[in-house]
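Read through the structure below, which is laid out as structure tokens, and then see the notes.
The values are calculated or read from the model by the stated rules, or taken from the named source; none is laboratory data. Worth saying up front: this structure is predicted, and the values here are computed from it rather than measured. Here the Cβ positions follow ideal geometry from the backbone for every residue, glycine too, while neighbour counts run over all protein chains shown.
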Amino acid sequence: MIWLELAVLLGCILIGSRLGGIGMGTMGGIGLVVLVFAFGLPPGGPPGVVLGMIIAVITALSAMEAAGGLTFLVSVAEKILRRNPKSITFIAPFVTYALIFLSGTQHVIYALLPVIAEIARKSGIRPERPLSITVIASMHGLIASPISAVTVAMLAQLSGRSVSLPQIMMVTIPATLIAVFLGALVVSRRGKELKDEPPVPQEAEGDTPAAAPTVVLEGQALRNARGATLLFFGSVVLVVLLGLFPAIRPHYTMSVDGVAIDKEVDMAQAIMIIMLAIAGLTMLLFKASAAKAVAGPTMKSGIVAVISILGISWLGSSFFAGNQEAIVEGFSGVIAGQEWLFGVGLFALSMLLFSQAATIVTLMPVALALDMPTALLIALYPAVNGIFFLPTYGTMLAAVSFDRTGTTRIGKVVVNHSFMLPGLVVTISAVLLAFGFSYLLL
């Protein structure tokens, strides 16, 4: 029966990935009906803490966006890129990495991709080089960010162990930064020079979508955007400090059976409280419209992520709860002495889910049930970026569409696309480097 139940789980994942958007979450609901009502499995439960933290962070981000904060950040990044056109292959991925690290969302990359393509083309540089590594760098900037959905999910999953957010960042930040540099180095001489490429047919070039006009912030709008950005960054610093110094977190006393027990606000609660408060202060101090925050791209993408994680992780929870003994026994037999294979599982599942956060929420409970070492789990964490393997992810398609020279391609056999080489180099390098940093620092 377990194989039939597994087929339901995988079938829902595959169909949901084809539907896109909230389709993953809704297919999880269908799978739950089959597993719970037809097969009699326990219902499991959605990851409430993870969903709560993601909603709180997305709310703060959306408020900052409504105040013009993301527009301000993109304008700063664009200025940096245009000052160094000849080094665009190396500068673009790190500027994008930094922007996503600070903002916690990949949404901002869509505003940078046409700028990167334009600068590369006008500088005579093959656009495939900076575009491909920039897309991969955005994925790794996301797992390094302290307030991204995937980092929040990772922290929540490891909450039962003695590991803090700063400890995770001490591994992921240097590992991903060095890996992105190696990826940029690999693609810097990739393919023919642009002048040696055949010209793109005029009709194909005309079909390329135009970049959105740059929004210029001035006067009070600029002051609001700067203030909202600084306020949000201040909250990120505060979150990191609370993780680094647990003693500064609030303490409270609870009475249990007449005995007073001193308790400490945990990191998940602290993140949710701070982010919701920052969203409120952004609205009060910097005129962020509540209606605009809800209607913005960041909130929309966040809601899609929440629904997807709700459905598919709940489905995975039901499957795991009903077959825990068999799953743990089977996995332990397969990876005994070869625990690195769990990283292959993270990579493969992320290819199907197109979501790093959903991958962590779905598969990490298995690793915890196997009692895999914390240092190993953090070392394998970058493997969740296998979403580049199939060229159907939004950022990849956008990069292809904005390259008017046609050098950034999908490929005739699907997997021989422009993002495969930098994706493999950066992801494998990040995992190997994370192994070293994890066992050295943790």
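Quick notes on this one:
- Qualifying residue in the range 411-421 (condition: free of Cβ contacts under 8 Å to residues at least 40 places away in the same chain, of a type in the set (Gly, Ala, Ser) and farther than 20 Å from Gly141 by Cα): yes
- For the range 369-388, filtered to residues that are within 16 Å of Gly160 (Cα to Cα) and at pLDDT 90 or above, the residue that is surrounded by the fewest Cβ atoms within 10 Å (Cβ to Cβ) is Pro373.
- Scan the range 217-273 for residues that are surrounded by 11 or more Cβ atoms within 10 Å (Cβ to Cβ) and acidic (Asp, Glu) and the total you get is 2.
- Residues in the range 321-356 that are in a loop (DSSP other than H, G, I, E, B) and without any contact (Cβ under 8 Å) to a residue 12 or more places away in the chain were compared, and the one that is nearest to Met396 (Cα to Cα) is Gln338.
- Qualifying residue in the range 273-293 (condition: of a type in the set (Lys, Arg) and at pLDDT below 85): no
- Test: Ile119 is buried (at least 18 other Cβ atoms within 10 Å of the Cβ), without any contact (Cβ under 8 Å) to a residue 40 or more places away in the chain and outside any loop (DSSP other than H, G, I, E, B): yes
- Hey, Leu131 in contact (Cβ under 8 Å) with a residue 12 or more places away in the chain, surrounded by fewer than 24 Cβ atoms within 10 Å (Cβ to Cβ) and either touching a helix residue (DSSP H, G or I) at 6+ places or on another chain (Cβ under 9 Å) or not aliphatic (A, V, I, L, M) (or both) or not: no
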